[in-house]
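All remarks here apply to the structure that follows.
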Amino acid sequence: ERGIYYALDLGGTNFRVTRYLFDGKGGVDVTDELKFTIPDHIMTSDSDELFDFIAGCVRNIHEICDKEERTFRLGFTFSFPVDQTAIDSGSLIKWTKGFTATGVVGKDIVKLLHQSLERVGVSGEIVALVNDTVGTLISSAYVDPATMIGVILGTGTNA
């Protein structure tokens, strides 16, 4: 991997967007990060409102950091039960952690996010969908190939 990637992390009441610069040789720098609190009315709204909120957060950091860069790559950490059918596709099985947004269960969350990014004028290519444990494992293994396990101890537990 080489270049700029954005990591999106939706795992509870907060949403993070982190901008990474990969050098292609195993080195990576976090260049920017923004954290957003998801309002209760968004968590309990519908798919358009939830994913438009997320897309708006991505637009905020993109406008700050890469206004001239038209298309960029995104990884999406989605810490809810998903039936993942491809590296960049998966359907929500059920909401947890207080989320109840309608129109999401059974739908491909990557497609929902992509549609919202288009609505807010952001041309991001979503290249990977992972849960929080896999995201932790992959990010650690990138800088230390001896990494063998990822563990999350938070709102829920994943290993």
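The values are calculated or read from the model by the stated rules, or taken from the named source; none is laboratory data. Quick caveat, the model's predicted, so the values are computed rather than measured. Because the Cβ atoms are built from the backbone with ideal geometry, glycine has one as well, and the counts that use them run over all protein chains shown. Each accessible area value is taken on the protein alone, full model and side chains, heavy atoms only, with ligands, DNA and RNA left out. Shrake-Rupley method; radii C 1.70, N 1.55, O 1.52, S 1.80 Å.
Each Lys and Arg contributes +1 and each Asp and Glu -1, all at the Cβ; summed about the Cα centre of segment 13-72, the dipole is approximately 220 debye. Here the accessible area is traced with a 1.4 Å probe on the protein chains. For segment 1-46, carbon and sulfur cover 46 percent of it. For segment 18-73, the set of GluC sites (Glu not before Pro) satisfying both a DSSP loop assignment and a count of at most 14 other C-beta atoms within 10 Å is given as GLU68, GLU69. What the chain shows is 54 Å² of accessible area per residue, with the surface traced by a 1.4 Å probe over protein heavy atoms. With a ≥ b ≥ c taken as the square roots of the eigenvalues of the C-alpha gyration tensor of the chain, please select rounded if a/c is under 1.5 and otherwise prolate if a/b is larger than b/c or oblate if it is not? Oblate. Extension gain, ASP46 to GLU125, is 26.1 nm, computed as 0.36 nm per intervening residue step minus the present C-alpha separation.
With the Cα gyration tensor of segment 1-82 giving a ≥ b ≥ c as the square roots of its eigenvalues, does the rule (a/c under 1.5 for rounded; else a/b larger than b/c for prolate; else oblate) give rounded, prolate or oblate? In terms of gyration-tensor shape, prolate. Which of rounded, prolate or oblate describes segment 88-159 when judged by the alpha-carbon gyration tensor and an a/c cut-off of 1.5? Since a/c reaches 1.5 but b/c is at least a/b, the shape of segment 88-159 is classed as oblate. Seen from PHE53, the other residues with C-beta closer than 13 Å to its C-beta sum to a net charge of -3, counting Lys and Arg as +1 and Asp and Glu as -1.
Ranking of MET148, MET43 by solvent-accessible surface, largest first: MET148, MET43 (1.4 Å probe, protein heavy atoms only, all chains present). Span-like helix check, the chain: qualifying full DSSP H segments, with Cα axial length of 20 Å or more and mean Kyte-Doolittle of 0.0 or more, are 47-65. The charge dipole of segment 68-119, taken about its Cα centre with unit charges on the Cβ of Lys, Arg, Asp and Glu (plus for the first two, minus for the last two), comes to roughly 200 debye. The Cβ shell under 12 Å around ILE138 holds other residues with a net charge of -3, Lys and Arg each +1, Asp and Glu each -1.
Summary value for segment 83-147: 29 percent relative contact order, contacts being C-alpha pairs under 8 angstrom separated by 6+ residues.
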